[in-house]
Structures are given as structure tokens and as C-alpha cells.
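What follows is a short report on a single structure.
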Ligand code: HPA
């Protein structure tokens, strides 16, 4: 086991960590199967961090087929205790337009049919115990969220330090009516990968928080133009400029 201060899971458009040096690439197997790709451990501006691309480095794994359990278990296996989840999202709330970075503090789960717990009853010997019903009132680790917000401040990265993430099933984008309902529900952001990842992290005892990268206005929230993958990727790239510094600062503290 290595001493890894922070693990980063990259989402759509973030398939590697720019500036990661001296990379040690690990192919890891877990009791839940194989993660989406190799875990790359290296030095980022003087800090040791691990990186895993949630959808695989060639974006071959769609959101509903990601083995979220294996991804998190792999990061735990290499010794990471804190996970920074980068999630590419659509913006719903007025403050969450394209290229905004946000650190949500709440989520609503609209996904279905995903393997959403590590507990499998008799199959795992019923070892759930107290940890079976995790407290999920605050779905993200509060201290880690505060550190992300502080790291953004120190590195001069502009960040909205709150928000409610709505996790949809995908892989299709939402209808305008679905987004209107999510807005009424209180969602500021919409993405396809926030759950079950956040809950599984808690079950596995990992500190976990989300840094959402707004790639587009969600359906019906912007000018009404079609959402294209080219727009999504261009906005993610533009919004990710300050990420290496922010991640390194977070890893430091
Ligand atoms: N909806 C859901 N997921 C997304 C979106 C969106 O508009 N943009 C990027 N990921």
C-alpha cells in the first residue's frame, strides 16, 4: 500500500490529469470486478495523487454501465482515503451556467437499475451491521467539501460552493419537462454519474466529494439550441484549466 493523499475520478472530458509526473500505472482487480481502467499514481505539482477515468480512458463505459463499486474499491485498495469526484454536468440553476465549477452539498437520485450498494444480503454473509444503513443526510464529506472550497480560493479558481446534484439514468439527455421537474425538486445540476458513486464511497468508508464541471445548460434552460458533445467537451476543457493547481492544493491539506 502506498501513501496516497488523494484520488481523483475523472468524468466525461477528463480522461487524464494534466501535469501528472512519474506515473506508476496499476491494473487492479477487486472483489467487485475490474475498474473502468488503470489507476495512475503520480506526482502532481509535488503531491502524490491517484487518477482513474470513470468511463475508461477512451470513454468506452457509459454512465449506466460503470462498475462504480470496482472503481471505488480499486482506489481504496491502493490506499486512498479521500476521493475527489469530477462530474461533468448540465446546469439548471441560474448560477450554474456552462464552464462554472461547483461543489454541490446535496443530491437527489433519479437513477434506477444500478448496483447501488456493496451489501448483498446472504451473498456477502449479511455483514452489513451498523454500516448497512449509512447516514446519507449530507451525501458528501463536509470536511472534504470545505477543503475543496478553500483550495479553490487559494488557487484563484472560481467555484460555486453549494448546489444540489440530480443524478439521472442516461445515457440519453433529459427532456425539458424532466429538467423542469428537477428544478421544482430543487436541483441545480444534472449529471449521470453522481449516484450510486457517492453512496458507495460512504459504504466503503471513503471521504468523498464532488467537483462538478458544467458543460452545458440542461434541456430548456439555455437558448434552446441542441446540446452537442463538441460543446460539452469544449466547455469541460475550458473550465478545467485551473484543476491541476486546485487538486494539488487539496492533496496538500
Ligand atoms: N444532463 C445530464 N448529464 C449531463 C448533461 C446534461 O445536460 N451535461 C453533461 N452531463
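The values are calculated or read from the model by the stated rules, or taken from the named source; none is laboratory data. The shown structure was predicted, so the numbers you read here are calculated from the model rather than taken from an experiment. In this analysis, Cβ positions are derived from the backbone assuming ideal geometry, glycine residues included, and neighbour counts consider all displayed protein chains.
Side notes on the structure shown:
- Some residue of the stretch 222-230 being touching a strand residue (DSSP E or B) at 6+ places or on another chain (Cβ under 6 Å), closer than 25 Å to residue 71 by Cα and either part of a loop (DSSP other than H, G, I, E, B) or within 12 Å of the ligand (Cβ to nearest atom) (or both): no
- Residue match in the stretch 83-99 (condition: more than 21 Å from residue 213 (Cα to Cα), in contact with a helix residue (DSSP H, G or I) (Cβ under 9 Å, 6 or more places away or on another chain) and touching a residue at least 12 places away in the same chain (Cβ under 8 Å)): no
- If the condition is being within 9 Å of the ligand (Cβ to nearest atom) and farther than 20 Å from residue 225 by Cα, then the stretch 169-198 contributes 192, 193.
- Residue identified as away from the ligand (no atom under 13 Å from the Cβ), more than 24 Å from residue 52 (Cα to Cα) and buried (at least 18 other Cβ atoms within 10 Å of the Cβ) among 121, 163: 163
- Scanning the stretch 36-62 for residues that are touching a residue at least 40 places away in the same chain (Cβ under 8 Å), closer than 26 Å to residue 191 by Cα and buried (at least 22 other Cβ atoms within 10 Å of the Cβ) returns 49, 50, 51, 52, 53, 54, 55.
- Inclusion of residue 205 among residues that are buried (at least 24 other Cβ atoms within 10 Å of the Cβ) and in a loop (DSSP other than H, G, I, E, B) is not warranted.
- Close pairs from the stretch 214-227: first touching a residue at least 60 places away in the same chain (Cβ under 8 Å) and over 15 Å from residue 12 (Cβ atoms), partner outside any strand (DSSP E or B) and near the ligand (Cβ under 10 Å from one of its atoms), Cβ under 6 Å, at least 6 apart: 219/174; 219/179; 221/92
- Matching option when the condition is over 19 Å from residue 215 (Cα atoms) and either modelled with pLDDT under 95 or in contact with a helix residue (DSSP H, G or I) (Cβ under 6 Å, 6 or more places away or on another chain) (or both), among 12, 30, 25: 30
- Top-ranked residue of the stretch 70-98 - restricted to ones that are over 16 Å from the mean Cα position of the chain (by Cα) and within 14 Å of the ligand (Cβ to nearest atom), ranked as surrounded by the fewest Cβ atoms within 10 Å (Cβ to Cβ): 97
- Residue check, residue 198 in contact (Cβ under 8 Å) with a residue 12 or more places away in the chain and within 16 Å of the chain's Cα centre (by Cα): yes
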